[in-house]
Every structure is written in structure tokens, then in C-alpha cells.
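*Asks:* Pasting in a structure now, in C-alpha cells, and then I'll have a few things to ask.
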Amino acid sequence: MSNAPKIVMGIETSCDETAVSIVREDGEILSNLVLSQIKEHKAFGGVVPEIAARAHMDHIDTLIKGALNDANMTFKDLDAVAATCGPGLIGGVMVGMMAGKAIAASQNLPFIAVNHLEGHVLTARLTHKAQFPFLVLLVSGGHTQILIAHDIGKYQRLGTTLDDALGECFDKSAKLMGLGYPGGPNLEKIAAKCKDSASACLKYPLPTPLKGRKGCDFSFSGLKTAMRNHVEALPEGDLDPNDIADLAYAFQITVGDVLKNRCQNAISEFLSIYPDLPKPSAFVVCGGVAANSHIRQILKDLTHTAKMDFMAPPMTLCSDNGAMIAWVGLEKLKLNEIDTLDVAARPRWPLDPNAEKLRRQ
Ligand code: KG4
Ligand code: ZN
């Protein structure tokens, strides 16, 4: 058998990004194509599952060819193909999974079914060589969880959201403020325009759900309602950009405050489970919301105080991409964890099957 570093193609279609990437075992990303469907969904203010699935269908083959071209490769150079098989919008998941299975069947390659969330979690091993065990805050459009990554495939959920995901809260609040889709990045840009940060939070007081309580769970629906009340109380007519900037700023500060409190509890829990590690462990933040600079800074400061290593993937690898899927494929290929071609797509697929079942899981 060849000792050459293994090469895996990763396919991601679980939400509104069609993505294909080719990654080598040493962490070299040989190609990484991401086609966002923002234009398709913009008019609806959110992702429409049926439109997403059709758009994945329209583009997946072009992206697969493109990823091979960019890497200057053919299917013969691959050692395996990995595809997201859940959790996510099932129509879209099926498109990427079937494309991956078709390549595996026709090229006689191993197929690896990847959990999209594991993709986000293990990105820190691709980008920063994070060593197990590490603590992870996963904040995306569909998920808000704090997990301990004990090992590949061994995750312990310390906390999750009891209602809305943080990205969803960003997106819905942005929509209320008249900001375009996707709301998260737009809200961050507007918040940066706040001229009087000292008075913004006094002008727009917001609740900090679960802050100060035991545990690591989150709740964001009350925050969203408070945002609606503030927007509705603004003067009628066109919204004043200064009011919107102040409100966006207050929102971001509040979210940072809540995350800091919940992550502080998680760090204590992690250190009580692993009191005697020889080297500082990593605190990883991942998922689309991890692109937010204010949130990164808050978590970085907290992590340094706790003497852990702060790790956040570069912005392009925070949101959905194929490289994170290819990387999980590589990790599993090394462990010989290969799937058969009858593996099913899963709309729900918790990383910690033992965690208490909550509505959002
Ligand atoms: O991980 P991701 O790309 O897709 C999911 O798996 O959900 O995350 C998308 C989410 C969206 O809610 C988007 O608004 C949010 O990440 N997001 C941000 C920022 N960039 C993306 N939220 C806050 N600040 C940002 N800069
Ligand atoms: Zn994601």
C-alpha cells in the first residue's frame, strides 16, 4: 500500500451553500469551492428548502469538476469521497450524498458519511491541529451548542439552546431592523457604525437570557422578542440609520455577555472533568456566527483568562464549506471508518446521542 498522504473530496449541501473541496492528510486544502445561494433566497428573507435542493442539483456537478480542476486532479487521485449526510435540510443533503455515493460507486472509492456538525467541530484540527480533549462552542444558523470533543466521534454536549439558534436570532433581529439577508454579517456591519456606544445599551436595554444560571444552556427567543418591541417603538416611517446602528450594537453586546457567561460555566465543567492535563487545552469557536469579530474577541479574552488556547478557524472555514467535510473524511479514513452505500441521510443527527433530547436537537 502506498505511503503517500491520503486525499479526500468533501461535499457539503446541507443548507444554502453548495460546496466541494479536496483536502490532503497533511492539512493542505488543494481546492475549496463554495457557491452561496444568497441570491436565490434573498427575496424570501430566509432559506427555502425546496429552492435550496434545486439549486444544489443545478450546480453540484460543475463544482465537483471545478474542485478537481483547481486541484489539478482526476477522480483517480482520490482515496475516498466524503459527503454530509445530515443534519440539515433533507432535500439538499440527499443531493450531495447521492453525488458522493455515485462517485464512490463508479470509481470504486470508499464512501464516508459525515455529520455536518462534526465538520464544524473538527475544523480546528485541520486549521490549528487541535489535540483532544478540547472544548467547542458551535454557533451557526441552525445550532448553538457547547461540547467537549473527547475524541473522533466522542462528543459530550454540555449545553444547547432551548429555543432559537444564535444565527437564527441574528438573522431574525436583522430582518426586523430592515437589514438584508443574511442578517448576521449585515448586523455586525451596522453595529460598527454606532457613534455613542456608551448610551446605546442604556437606550435599548435587552434581556440576557439564562445569564447567571447554572449550566451551559442558551435561550434566545426572549431576546428576539425584545428586539421586536424596540423596533416597533421606533418613530414611524423610514427607520433612522443611527437608531438601527445603536440597536444593533446593543444586541451584539448583549449576545457577547450571554456567551461569555455560558462559556465560563462550560470552562469550569471542562476543567473539572480534565483537571490534570499536561498542556493547556483548546477552546474552539466554530460555525457561521464565529465569523463575528466582537464575539471572537469576548471569547478570546475569556479563554486567555482561563489559560486555555483560543482557536477560531479563518472566516472562510467558519461558514459552511466542503473542506471541513473532507477533513472529517480523512480522520475517519485513517481509522478505517468507512460507510456502505446504503447509509441513509439524517435530518437530525445529534453529536452526543446521550444528551437529553431537547426541542432543538
Ligand atoms: O455555519 P453556517 O454557515 O450555516 C449553518 O450551518 O447554519 O452559519 C450561518 C449563520 C447565519 O445565521 C449567519 O447570519 C451567521 O451564521 N453569521 C453571522 C456572521 N456571519 C455569519 N452572525 C453574526 N456575525 C457574523 N459576522
Ligand atoms: Zn454549518
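The values are calculated or read from the model by the stated rules, or taken from the named source; none is laboratory data. Just so we're clear, the structure is a prediction, and the values are computed from it rather than from any experiment. Cβ sites come from the backbone with ideal geometry, for glycine too, and all protein chains shown count toward neighbours. To get the accessible areas, we keep the full protein, side chains included, count just its heavy atoms, and leave off ligands, DNA and RNA. Shrake-Rupley method; radii C 1.70, N 1.55, O 1.52, S 1.80 Å.
*Asks:* Regarding the range 254-263, can at least one residue be identified that is more than 22 Å from GLY141 (Cα to Cα) and out of contact with any Asp or Glu (no Cβ under 8 Å at 6 or more places or on another chain)?
*Replies:* Among the residues of the range 254-263, not one is more than 22 Å from GLY141 (Cα to Cα) and out of contact with any Asp or Glu (no Cβ under 8 Å at 6 or more places or on another chain), which makes the answer no.
*Asks:* What do you reckon, is LEU299 under 17 Å from THR123 (Cβ atoms), part of a loop (DSSP other than H, G, I, E, B), within 16 Å of ligand 1 (Cβ to nearest atom) and touching a strand residue (DSSP E or B) at 6+ places or on another chain (Cβ under 9 Å)?
*Replies:* Criteria not met by LEU299.
*Asks:* Pick out the one residue from GLY167, GLY141 that is in the same structural domain as ARG296 (by TED's automatic domain parsing), assigned to a helix (DSSP H, G or I) and under 17 Å from the mean Cα position of the chain (by Cα).
*Replies:* Answer to the selection: GLY167.
*Asks:* Does HIS116 count as at pLDDT below 95 and either under 17 Å from LEU259 (Cβ atoms) or within 16 Å of ligand 2 (Cβ to nearest atom) (or both)?
*Replies:* No: the conditions fail for HIS116.
*Asks:* Residues being more than 19 Å from the chain's Cα centre (by Cα), modelled with pLDDT of 95 or more and open to solvent by 70 Å² or more (accessible area, probe 1.4 Å): count how many of those fall in the range 319-361.
*Replies:* 7
*Asks:* Of the residues GLY180, GLY153, which is at pLDDT below 95 and either over 12 Å from the mean Cα position of the chain (by Cα) or of a type in the set (A, V, I, L, M) (or both)?
*Replies:* Being at pLDDT below 95 and either over 12 Å from the mean Cα position of the chain (by Cα) or of a type in the set (A, V, I, L, M) (or both) holds for just one of GLY180, GLY153, which is GLY180.
*Asks:* Evaluate the following for VAL95: is it open to solvent by less than 10 Å² (accessible area, probe 1.4 Å), assigned by TED's automatic domain parsing to the domain that holds GLU28 and closer than 21 Å to MET57 by Cβ?
*Replies:* So VAL95 fails the test.
*Asks:* Spot the failing condition for VAL121; the list is (1) more than 16 Å from ligand 1 (Cβ to nearest atom); (2) out of contact with any helix residue (DSSP H, G or I) (no Cβ under 6 Å at 6 or more places or on another chain), and only one is missed.
*Replies:* (1)
*Asks:* Restricting the range 125-149 to residues that are within 15 Å of CYS318 (Cβ to Cβ) and open to solvent by less than 10 Å² (accessible area, probe 1.4 Å), which is farthest from ligand 1 (Cβ to nearest atom)?
*Replies:* Per the criteria, the residue is ALA130.
*Asks:* Being of a type outside the set (Lys, Arg) and open to solvent by less than 50 Å² (accessible area, probe 1.4 Å) is the requirement here; does GLY287 meet it?
*Replies:* Considered against the rule, which asks whether it is of a type outside the set (Lys, Arg) and open to solvent by less than 50 Å² (accessible area, probe 1.4 Å), GLY287 comes out as yes.
*Asks:* Kindly evaluate VAL114 against the criterion of being β-branched (Val, Ile, Thr), closer than 30 Å to TYR274 by Cα and open to solvent by less than 50 Å² (accessible area, probe 1.4 Å).
*Replies:* Taking the combined requirement at face value, the residue satisfies it.
*Asks:* Next up: Please specify each residue of the range 37-68 satisfying the condition of being in contact with a strand residue (DSSP E or B) (Cβ under 7 Å, 6 or more places away or on another chain), within 30 Å of HIS128 (Cβ to Cβ) and open to solvent by 50 Å² or more (accessible area, probe 1.4 Å).
*Replies:* Scanning the range 37-68 gives no hits.
*Asks:* Whether any residue in the range 227-248 is within 16 Å of ligand 1 (Cβ to nearest atom), closer than 30 Å to MET9 by Cα and either open to solvent by less than 30 Å² (accessible area, probe 1.4 Å) or not in a helix (DSSP H, G or I) (or both) is what I want to check.
*Replies:* No, the range 227-248 contains no residue that is within 16 Å of ligand 1 (Cβ to nearest atom), closer than 30 Å to MET9 by Cα and either open to solvent by less than 30 Å² (accessible area, probe 1.4 Å) or not in a helix (DSSP H, G or I) (or both).
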